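*Asks:* Starting off with a structure, shown below.
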Amino acid sequence: MSSLNSYIDHFKKIYVAGEVRHLRRLETALERLRHLPVIYVDDKGEIPGEDMNSHTLFISGSKGETVGHCPASRGHLCCNYITADLYLGCILNCSYCIMKSYLNFSPITIYLDTEATIKRIIEIAENNKDRTIRVGTGEVGDSLLLDPVFRLSEDFIRALSPFTNIFLELKTKTHFVDHLLGLENKGNTVIGFSLNPEKLISRYEGIASTLAERIQAAWKIVEHGYLVSFHFDPLFLIGDWQNQYAQTISSLKDIPQDRIAWISLGTMRYTKELKQEMGNQDFLLEEFIPCRDGKYRYLQKTRSGVYRYILKQIRKRWKSPIPVYLCMESQAVWKNVFGRLPHEITELSAIFKEAQVFACASDQGRTT
Amino acid sequence: MDYLPIDKLRSFARSFDLFTGSKPIKNELLELKFLPPLPIAGNELVWGFNLLCSATKAGYGRLQVVRISKKPLIELLRIAIILEDRAGSFSWEEMEKIYHLLVKNGCNELFSSLSPLLLGHEDSRLFARVKQFSSLKTQLKVLVDEKLIDLKTALHCNNWQAALIEDIGVLLRSGEKPLSFSRRRIILNQLLEVSVKQGIPEEKILTLVRNTLNSADPLKTAQALRFPELTAMEERFIELKGKLLAGTAIKLTPPSFFEGENFNISFSFNSKKALEKKINYLKTFAEKTDEFFELLY
């Protein structure tokens, strides 16, 4: 069983940037991490080379733009997801994690001042009142892994809950939800659980929580009035994958469909750089081919078959249509799986309607 | 500068005797006695072991030396490598010797700093790579140094029996069709992955490699083994195309790797009649396209 303490023990040192020294929540967080030495610096550049790794926590302010578009892939359909960076980097050590290819020499960074990020999301929501804004904090780190210590998600939930067009998604491979249960107003907050069969979790998902722990956490969350989402991503075609995934979906059986905000599917994919970092993983022995965005994926025919199979299992489990979408997939695959493109699918059209994110602000890109 | 008797120089410590690929000393220079002075640090010859050997054979009684005041090992090593003047052509074996010398003296972290002198460019991973080379079986080291196999592939083969590696070495050296280093690397990697995926026992790996290298197109053979589904799709496409479009001079191309939704058709014509003929072919073809689209579904 994975515990927060075992994750915290991973860290050896904390660096704190000057701009967040005055924040009250710093004191609280450091109290929870009191066994670790704390060094105050003016900026990240002062962290010595030997501490530029995932055993170091860097608590900082959010310099630059922390809100952006999910980096959609060329030639693949985008689901118009908006990302907000709170936690940068991860210690779960999943074999397939894309961050392996670009965050190897970085400390785990926490953007402790949430105000500007929240303000920016509200600004986007107000400028897109007729659209659903899906915003997630799990793009460059696990949303909940360190959240029981830093409690950043609470600020977002409280501030964004009054906005009916905002769906805030906190995506995780942990079961650390207890600190969120007591919050009064949840709005459209969605706690997203990345799922894989237990056999694959223990093989490829490092020190992440077990499937049972995640499902139990999903239950807790639902019972306390939150929405949940499930992400079968990456899907692996290994061994008796059909049975494995069917059982995993089956284990979610009693979660009421009206509490499931969406389910996403994505097959294993990787860049050349990531392949270098992944080493000799057995799943790499399958047939992967280069796609238009430079990423390697299973053959289109194979992927289409996998998605159709998983979709069938989902439809078997929950009768009414839960929004199910494909992550970073091509138009051809969408048509193969659904017979239609996302904007033509009733339950997905709201999700896939693009929000004007940058047109309403002076800054045109993200620098974080 | 000073002179020292050859015998004395030959008795000096040889911890810097690292280079097996040193440039030979030209006979003319030996005859003219135009030899560079040998750097010595205390009783240690820093560079010039092949020069010393050649001079001994040529009957020299003494050689000119230049004494270097006490310097750290890494500095002496730097001098030796500079004097070798072979950036980019040091063998793995030589780099391994340098690696061992540094490890023995507790300064291995400085190894990568030598990369510009050894390789001709910076390489922060040189230490790691030489360390990997050092972990290889002797038979694989030979293949890597001969550029018959790349380091990464060699690492994957390191659990193989020495006899199998030697047999594969023989096969690679005697290949009837010359293969470039990169083609050989791709082929071997693909075969290695096939053997791991299919759990092919070691005694059958040699046959797999032999059959592939002796096939008409080794790269294509290896790819077909590594990507059986893709190969089957390509073969199916060719079969269908042959059945429906043979003799029509209409070119049909599938999307690259069967990834996408569009097939491409092209043809040329030089008269209305020729165009009408093509259109008729296409009409017949259009009625039977389902099997093509199945390749993408």
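The values are calculated or read from the model by the stated rules, or taken from the named source; none is laboratory data. All values reported here derive from a predicted model rather than from experimental measurement. Cβ placement follows ideal geometry from the backbone for every residue including glycine, while neighbour counts extend to all protein chains displayed. In case anyone asks, the SASA skips ligands and DNA or RNA and just uses the protein heavy atoms, side chains included. Shrake-Rupley method; radii C 1.70, N 1.55, O 1.52, S 1.80 Å.
*Asks:* Find the eigenvalues of the gyration tensor of the Cα atoms of the range B:101-247, then list the square roots of 5 times those eigenvalues as equivalent ellipsoid semi-axes, largest first, in whole angstrom.
*Replies:* Details: eigenvalues 281, 67, 38 Å².
Whole-Å semi-axes of the equivalent ellipsoid: 38, 18, 14.
*Asks:* So what's the projected area for the protein assembly as shown, the Cα convex hull averaged over all directions, in nm²?
*Replies:* Numbers: hull surface 165.7 nm².
Projected area, direction-averaged: 41.4 nm².
*Asks:* With a 1.4 Å probe and all protein chains left in place, how much accessible area per residue does chain B have, in Å²?
*Replies:* Per-residue value: 57 Å².
*Asks:* Suppose R0 equals 45 Å; then what is the FRET efficiency for A:GLN257 and A:LEU285 from their Cβ-Cβ distance, rounded to the nearest 0.05?
*Replies:* Numbers: r = 37 Å, r/R0 = 0.83.
Taking R0 as 45 Å, the efficiency between A:GLN257 and A:LEU285 is 0.75.
*Asks:* Quick one: Cα centre-to-centre distance for the range A:262-293 and the range B:249-295, in angstrom?
*Replies:* Using only Cα atoms, the two centres lie 33 Å from each other.
*Asks:* Can you give the direction-averaged projected area of the convex hull of the alpha-carbon atoms in the range A:229-360, in nm²? Present the calculation step by step, with values, prior to reporting the outcome.
*Replies:* Numbers: hull surface 39.1 nm².
Approximately 9.8 nm², given one-decimal rounding.
*Asks:* Using only Cα atoms, what is the ratio of the radius of gyration of chain A to 2.2 N^0.38 Å?
*Replies:* Values: Rg = 19.9 Å, N = 368, 2.2 N^0.38 = 20.8 Å.
Computed over Cα atoms of chain A, the ratio equals 0.96.
*Asks:* If you don't mind, there's one more thing I want to ask. Could you give the dipole magnitude of the protein assembly as shown about its Cα centre, charging the beta-carbon of Lys and Arg +1 and that of Asp and Glu -1, in debye to the nearest 20?
*Replies:* Details: 87 positive and 79 negative charges, 317 e Å.
Once rounded to the nearest 20, the dipole reads 1520 debye.
*Asks:* With both partners inside the protein assembly as shown, how many of the DSSP beta bridges are antiparallel, as a percent to the nearest 5?
*Replies:* Values: 20 of 60 bridges.
Around 35 percent antiparallel, to the nearest 5.
*Asks:* Let me ask another. What lysines sit close enough to A:LYS13 to cross-link, taking a C-alpha to C-alpha distance under 23 Å and skipping anything fewer than 8 places away on the same chain?
*Replies:* List returned: A:LYS44, A:LYS63, A:LYS100.
*Asks:* Calculated from DSSP H runs of 4 or more alone, at -39500 (n - 2.57) each and per residue, what is the 222 nm mean residue ellipticity of the protein assembly as shown, nearest 500?
*Replies:* Values: 29 runs with 276 residues, N = 665.
Rounded to the nearest 500, it is -12000 deg cm²/dmol.
*Asks:* Over the range A:46-128, with the other protein chains present, what is the accessible area per residue in square angstrom, probe 1.4 angstrom? Don't jump to the answer; show the numbers that get you there.
*Replies:* Values: 3030 Å² over 83 residues.
In whole numbers, the range A:46-128 has 37 Å² accessible per residue.
*Asks:* Mind jotting down the three principal axis lengths of the range A:1-75 based on Cα atoms? Whole angstrom, largest first.
*Replies:* Taking the Cα atoms of the range A:1-75, the three principal extents are 48, 37, 28 Å.
*Asks:* I've got another one for you. With springs only between Cα atoms under 10 Å, which of A:PRO342, A:PRO290, A:PRO48 fluctuates most in a Gaussian network model of chain A?
*Replies:* Top of the fluctuation ranking is A:PRO48.
*Asks:* Which percent of the Cα-Cα distances in the range A:60-174 go past 20 Å? Before the final figure, lay out the partial values.
*Replies:* Working: 2731 of 6555 pairs.
Every Cα pair in the range A:60-174 considered, those over 20 Å come to 42 percent.
*Asks:* Ok, one more. With chain A treated as a Gaussian network of Cα nodes joined by springs under 10 Å, which of A:GLN247, A:GLN216, A:GLN276 yields the largest mean-square fluctuation?
*Replies:* A:GLN276
*Asks:* Please report, in whole Å, how far the alpha carbons of the range A:1-143 spread along each principal axis, starting with the longest.
*Replies:* That works out to 48, 37, 33 Å along the principal axes.
*Asks:* Using the beta-carbon distance between B:VAL66 and A:GLU46 and R0 = 45 Å, what value does 1/(1 + (r/R0)^6) give for FRET efficiency, to the nearest 0.05? Show your work: numbers first, answer last.
*Replies:* Values: r = 45 Å, r/R0 = 1.00.
The formula returns an efficiency of 0.50 here.
*Asks:* If one takes the accessible area of chain A alone plus chain B alone and subtracts that of the pair, with a 1.4 Å probe, what total in Å², rounded to the nearest 100, results?
*Replies:* Accessible area lost upon association: around 1900 Å².
*Asks:* To continue, here is another question. Within the accessible area of chain B, what % is carbon and sulfur when the probe is 1.4 Å and the other protein chains stay in place? Show your work: numbers first, answer last.
*Replies:* On the way: 8980 of 16830 Å².
So the carbon and sulfur contribution to the accessible surface is 53 percent.
*Asks:* I want to verify a result. In a Gaussian network model of chain A, Cα cutoff 10 Å, which of these has the top mean-square fluctuation: A:THR28, A:THR189, A:THR109?
*Replies:* Greatest mean-square fluctuation among the candidates belongs to A:THR28.
*Asks:* Still on this model: Taking every DSSP beta bridge with both residues inside chain A, roughly what % is antiparallel (nearest 5)? Intermediate values should be presented prior to the final figure.
*Replies:* Details: 11 of 47 bridges.
Antiparallel: roughly 25 percent of the beta bridges in chain A.
*Asks:* Would you please give the FRET efficiency between A:LYS316 and B:ASN105, computed as 1/(1 + (r/R0)^6) with r the Cβ-Cβ distance and R0 = 60 Å, to the nearest 0.05? Mind dumping the intermediate values first?
*Replies:* Values: r = 67 Å, r/R0 = 1.12.
That pair, A:LYS316 with B:ASN105, gives E of 0.35.
*Asks:* Report the rotationally averaged projected area of the range A:178-306 based on its alpha-carbon convex hull, in square nanometres. Don't jump to the answer; show the numbers that get you there.
*Replies:* Numbers: hull surface 37.0 nm².
Reported value for the Cα convex hull: 9.3 nm².
*Asks:* Threshold 30 Å², probe 1.4 Å: give the residues of the range A:281-297, in number order, that are less accessible with all protein chains present than with their chain alone.
*Replies:* A:LEU285, A:GLU286, A:GLU287, A:ILE289, A:PRO290
*Asks:* Sort out for me the Cα centre separation of the range B:88-129 from the range A:80-111, rounded to whole Å.
*Replies:* Going from one Cα centre to the other spans 33 Å.
*Asks:* Further question: Placing one identical point scatterer on every Cα of the range B:129-214 and ignoring solvent, what is log10 I(q)/I(0) from the Debye formula at q = 0.16, 0.19 Å⁻¹?
*Replies:* Treating every Cα as an identical point scatterer, log10 I(q)/I(0) equals -0.56, -0.81.
*Asks:* Something else: Distance in nm between label sites at A:HIS343 and B:ARG173, each 7 Å beyond Cα in the beta-carbon direction?
*Replies:* Spacing of the two 7 Å Cα→Cβ label points: 6.5 nm.
*Asks:* Under a Cβ-Cβ cut-off of 12 Å, what is the net charge of the residues other than A:ILE289 that fall near it, where Lys and Arg count +1 and Asp and Glu count -1? Numbers along the way, then the final one.
*Replies:* Working: positive: A:ARG269, A:ARG292, A:LYS295, A:ARG297, A:LYS301, A:ARG303, B:ARG226; negative: A:GLU286, A:GLU287, B:GLU229, B:GLU234, B:GLU259.
Net of charged neighbours comes to +2.
*Asks:* Could I ask something else about it? Could you give the radius of gyration (one decimal) and Dmax (whole number) of the Cα atoms in the range B:9-119, in Å?
*Replies:* Rg, Dmax (Cα atoms, Å): 14.1, 43.
*Asks:* Here is a follow-up. Around A:LYS129, under 13 Å between beta carbons, what's the net of Lys plus Arg minus Asp minus Glu among the other residues?
*Replies:* Numbers: positive: A:ARG131, A:LYS353; negative: A:GLU123, A:GLU126, A:ASP130.
Local net charge: -1.
*Asks:* Hey, can you list the residues from the range B:256-278 whose accessible area shrinks by 50 Å² or more with all protein chains present, relative to the chain by itself (probe 1.4 Å, no ligands or nucleic acids)?
*Replies:* When all protein chains are present, B:PHE257, B:GLU259, B:GLU261 each give up 50 Å² or more of accessible surface.
*Asks:* Counting only pairs 8 or more places apart or on different chains, how many lysine pairs in the range B:1-124 have C-alpha atoms closer than 24 Å?
*Replies:* Lysine pairs satisfying the spacing and distance rule in the range B:1-124 number 15.
*Asks:* In Å and on Cα atoms, what radius of gyration and Dmax does chain B show?
*Replies:* Here Rg and the maximum Cα pair distance are 30.1, 96 Å.
*Asks:* Pairs of lysine in the range A:176-334 with Cα under 12 Å and at least 8 positions apart or on different chains: total?
*Replies:* Working: A:LYS253/A:LYS316; A:LYS253/A:LYS319; A:LYS272/A:LYS295; A:LYS275/A:LYS295.
Here the count comes out as 4.
*Asks:* Given all pairs of different Cα atoms, what value in angstroms does the Kirkwood hydrodynamic radius of the range B:76-153 take? Numbers along the way, then the final one.
*Replies:* Values: mean 1/r = 0.0786 Å⁻¹.
Answer for the range B:76-153: a Kirkwood hydrodynamic radius of 12.7 Å.
*Asks:* What aspartates and glutamates does A:LYS353 reach when the alpha-carbon gap must be under 18 Å and sequence neighbours fewer than 8 apart in one chain are set aside?
*Replies:* Reachable aspartates and glutamates: A:GLU123, A:GLU126, A:ASP130, A:GLU169, A:GLU329, A:GLU344.
*Asks:* Heavy atoms only, probe 1.4 Å: what % of the accessible area of the range A:291-343 goes to carbon and sulfur, would you let me know?
*Replies:* On the way: 1030 of 2030 Å².
Using a 1.4 Å probe with all protein chains present, the range A:291-343 comes out at 51 percent carbon and sulfur.
*Asks:* Something else now. Using amide H atoms built 1.01 Å from N in the peptide plane, name the residues 5+ places from A:THR83, or on other chains, whose amide H lies under 5 Å from its own.
*Replies:* When sequence neighbours closer than 5 places are left aside, the close amide H contacts are A:GLY68, A:HIS69, A:CYS70, A:GLY136.
*Asks:* Moving on to the next point. For the range B:190-297: lysine pairs with Cα atoms under 14 Å, gap of 8 or more or different chains, count? Could you put the intermediate results ahead of the total?
*Replies:* Working: B:LYS241/B:LYS251; B:LYS241/B:LYS288; B:LYS243/B:LYS251; B:LYS243/B:LYS288; B:LYS251/B:LYS278.
Eligible lysine pairs with Cα atoms under 14 Å apart amount to 5.
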